[in-house]
Amino acid sequence: GLIRKVRALPQERGGHTPALALTAYARTEDRVRALSEGYQVHLAKPVDRFELAAVVASLGTQVR
């Protein structure tokens, strides 16, 4: 629900803020749902710390 509220905001109020879903839910359906809700990336725990760092860094380049 949170990401839907964020995505509903205008861009100048953070509506386009990059977002990562870090969750224990690892099924394909969970990934599809997270991405369709507005997250750019879905990672299932446990996640490799280097992968997490790389994903967060890549999201940082997406800020408009």
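Assign one of three labels to the chain, namely rounded, prolate or oblate, based on the Cα gyration tensor with a ≥ b ≥ c the square roots of its eigenvalues; rounded applies when a/c is under 1.5, prolate when it is not and a/b is larger than b/c, and oblate otherwise.
It is oblate, given that a/c is not under 1.5 and a/b is not larger than b/c.
Could you provide, to the nearest whole Å², the per residue accessible area of the chain with probe 1.4 Å?
Heavy-atom accessible area per residue stands at 75 Å².
Tell me which of Pro46, Thr17, Val56 sits at the most positive position along the dipole axis of the chain, charges placed on C-beta atoms (Lys, Arg +1; Asp, Glu -1).
After comparing all options, I get Thr17.
At 7 Å along Cα-to-Cβ for each site, give me the label-to-label distance between Gln11 and Ala44 in nm.
Going from the Gln11 label point to the Ala44 one covers 3.5 nm.
Rounded to the nearest 0.05, what FRET efficiency do Leu59 and Arg27 give with R0 = 22 Å and r taken as the Cβ-Cβ distance? Could you check?
So the FRET efficiency works out to roughly 0.45.
Would you mind telling me the share, in percent, of accessible area of the chain contributed by carbon and sulfur at probe 1.4 angstrom?
About 56 percent, which is the carbon plus sulfur part of the accessible surface.
What distance in nm lies between label points placed 7 Å from Cα along the C-beta direction at Ser36 and Ile3?
1.3 nm
Could you rank the peptides 42-48, 26-32 by their average count of other C-beta atoms within 10 Å per residue, with the highest value first?
Highest mean packing first, the order is 42-48, 26-32.
The values are calculated or read from the model by the stated rules, or taken from the named source; none is laboratory data. Because the structure is a prediction, the values reported are computed rather than measured. Positions of Cβ are backbone-derived with ideal geometry, glycine not excepted, and every protein chain shown enters the neighbour counts. The area values use the complete protein model at the heavy-atom level, side chains included, leaving out ligands, DNA and RNA. Shrake-Rupley method; radii C 1.70, N 1.55, O 1.52, S 1.80 Å.
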